[in-house]
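These notes are about the structure you will find just below.
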Amino acid sequence: MRNSRLLAAVAVAAIAIPAVAQIAAPTNSAAPPTPAAPAQPAPTSPTPSAPPAEGVGESETGVVELDTEEAADQPPPTPVEMPGFARRDSRLVGRLDPVDLGLGASPWKGASGAFLASLMRRMGTPVASRWAHIALRNALLARAVAPRNVNPVDWAAERAWLLLRMGEADAGRMIIANVDVDRFTPRMFQVGVEGALANADPAALCPLQDGIQKADPKIFQVVDAMCAAMAGEPEQAAAQVDAARRRGRMTGIDLELAEKVVGAGGNTNRAVDIKWDPVDRLDTWRFGLATATGMTFPDRLIAAAPSQMRAWQAAAPVIAPSDRLASAQIAAGLGVFSSQAMADLYSMIYDSTGPDDLPGTDAWQLRQAFVGKDVETKLAAMRKLWGSDKDYLELEAARATLGRAATLIEPDKALQADAPNLVASMLAAGFDRQAARWSQAASQMDDQYADQVWAMLALGAPDGAGIDVSAGRINSFIDRDNSEGKKRSALLVAGLAGLGRIDQETAGRISGRSGLRLDRRSPWTRMIDRAAALGQAGTVLVLTGTGFQSPTFDGLPPAHVYHSIAALKRTGQDYIARMIAAEALART
């Protein structure tokens, strides 16, 4: 029976969830349920698991397991034969060509997979740099042979789990979907559940039912009910939900959200009124099921959610674009959303907003930034989007969104007050050559603005752009630097030394004179230096993520920036190295 359900659920997956969204009128409150123990997307969580219980340390909302008699009533599934040509090589999982990414044909080379998996499992997210996030995501998506000393399916699971914790729900799903389910390990079943919930796709749980029964029996019965409903077996689904309620292992919002999915996925005539007042937090279960039914969340819950979960919401197509905007800004600040993705979202909001309401929207300001009647009109719109009260993620998101618009402004020393944000925006969106055009104008600006623009270009401009990086210019910047502990100066010198734009002797002399402490050594610096010497481009990116475990650059030792940038450049990743170095100056 379960096989027939699976086939039916897969067949209707494309329409089941959109239908759920249409049936359930969006409320202003939605939170994903927490069955027995769904893993929260906390950056430090080492392993994913099923949704957690509502009370800390309690199991009020645990999901009932099938007892032996119930299991005996179900006939064994009919084996499904898969022809050899349809099987995928579990040793070669990924979607992007590593050569195109600049990682070479073998990003991991001789690295130990067990060592890398341990680093990835323990990595805290988000990382300080948007560009480091982008490069690490691409490396994790690279279609490359699994490293030695690790089960290749578990290796794929660790990649997917890190992607999910980074907020990359779509990317995590891509990795999971590249492995045949009959080859899933217990670890991959755990990550598969998390991936389905992060993508608000309950139908994706159905192919995993056998593994869920073994790896996470606490949620098995409720998953079985949802899959039965989506497979057109509403009576069976309703019976499973009622059995779960009687046993009392899953209660409250967690069971109600599952029942809502059941009601939307099959004709059960079960109306469910979701009340969020008693709920004090969101987890993956609550997020996944609530979002799948087209619900949005109360402000108090979504505002307190981890940034990764906000990025998941930003990518949820069943949520109206305007309801996703705040989360999309966080996603763009992290690096999950590109500048083009933000432009597309704003376009959808623009198209769905009435003419009388448009002038007060950010979508209108973005349009004016591109097509304003004159430079001042464009800059006025940009200033509103950059804002003066935005936090570090929102500001970086605004910069990335405005990157292409900033390239349309001709360099002019008279625009010195806006020049730092214009250059930062171009670099946030990757327009390094266009940003470099501002070097001449910057040399004519007042010191306050000239220093900001020059520092970003000294690091981010392509080689040969003619930017002055002499010791005299660097010392002038350091002398005028009023950041705490001269942090900006330390990051500047670290970046220039890592990129090879000043030699080690000059860097050491400047560092010693100004007390920048770039000569710090640690086990981490030795590991990343060694990985770079061996040409392990992918390992360098994983270690960069490990070394950048801080929400902002303010919390990073300058020595970490130096060794990361030097390792990236040594492994042929010059562009990413320049973008990270420039970003460090733009965001401090």
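The values are calculated or read from the model by the stated rules, or taken from the named source; none is laboratory data. Small disclaimer: the values here were computed from a predicted structure and weren't measured. Neighbour counts run over all protein chains shown; Cβ positions are idealised from the backbone, glycine included. Areas reflect the complete protein model, heavy atoms only, side chains present, ligands, DNA and RNA absent. Shrake-Rupley method; radii C 1.70, N 1.55, O 1.52, S 1.80 Å.
Go through region 317-330 residue by residue and turn each phi into a ³J(HN,Hα) via Karplus (6.51, -1.76, 1.60, θ = phi - 60°); whole Hz please, and just put x for glycine and proline.
x, 7, 8, 4, x, 5, 6, 9, 4, 4, 5, 5, 5, 5
Among ASN482, GLY572, LEU516, which residue has its Cα furthest toward the positive end of the charge dipole of region 424-572, with +1 on Lys/Arg Cβ and -1 on Asp/Glu Cβ?
With unit charges placed on the Cβ atoms, the residue in question is GLY572.
I'd like the FRET efficiency for GLN504 and ARG143, computed as 1/(1 + (r/R0)^6) with the beta carbon distance as r and R0 of 35 Å, rounded to 0.05.
Taking R0 as 35 Å, the efficiency between GLN504 and ARG143 is 0.40.
³J(HN,Hα) across region 340-352 via Karplus (A = 6.51, B = -1.76, C = 1.60, θ = phi - 60°), whole Hz, x for Gly/Pro?
5, 4, 5, 4, 5, 5, 4, 5, 5, 5, 4, 5, 9
Could you give the distance between the Cα centres of region 537-570 and region 388-445, to the whole Å?
With region 537-570 and region 388-445 each reduced to a Cα centre, they are spaced 24 Å.
Under 5 Å between amide H atoms, partner at least 5 residues away or on a different chain: which partners does LEU96 have, H built in plane at 1.01 Å?
ALA142, ARG143
Where the centre of each part is set by its Cα atoms, how far does region 228-249 sit from region 291-350, in angstrom?
32
Which whole-Hz couplings ³J(HN,Hα) result when phi for each residue of region 399-412 is put into the Karplus expression 6.51 cos²θ - 1.76 cosθ + 1.60, θ = phi - 60°, listed in order with x for Gly and Pro?
Going residue by residue, I get 4, 4, 4, 8, x, 5, 4, 5, 5, 7, 8, 6, x, 7 Hz, with x marking Gly and Pro.
Quick one: which of 273-282, 172-181 comes out on top by average Cβ neighbours within 10 Å, and what's the full order, highest first?
172-181, 273-282
Between the alpha-carbon centers of region 150-170 and region 448-516, tell me the distance in whole angstrom.
One Cα centre to the other: 37 Å.
Could you order SER489, SER443 by accessible surface area, starting with the largest, using a probe radius of 1.4 Å?
Output order, biggest surface exposure first: SER443, SER489.
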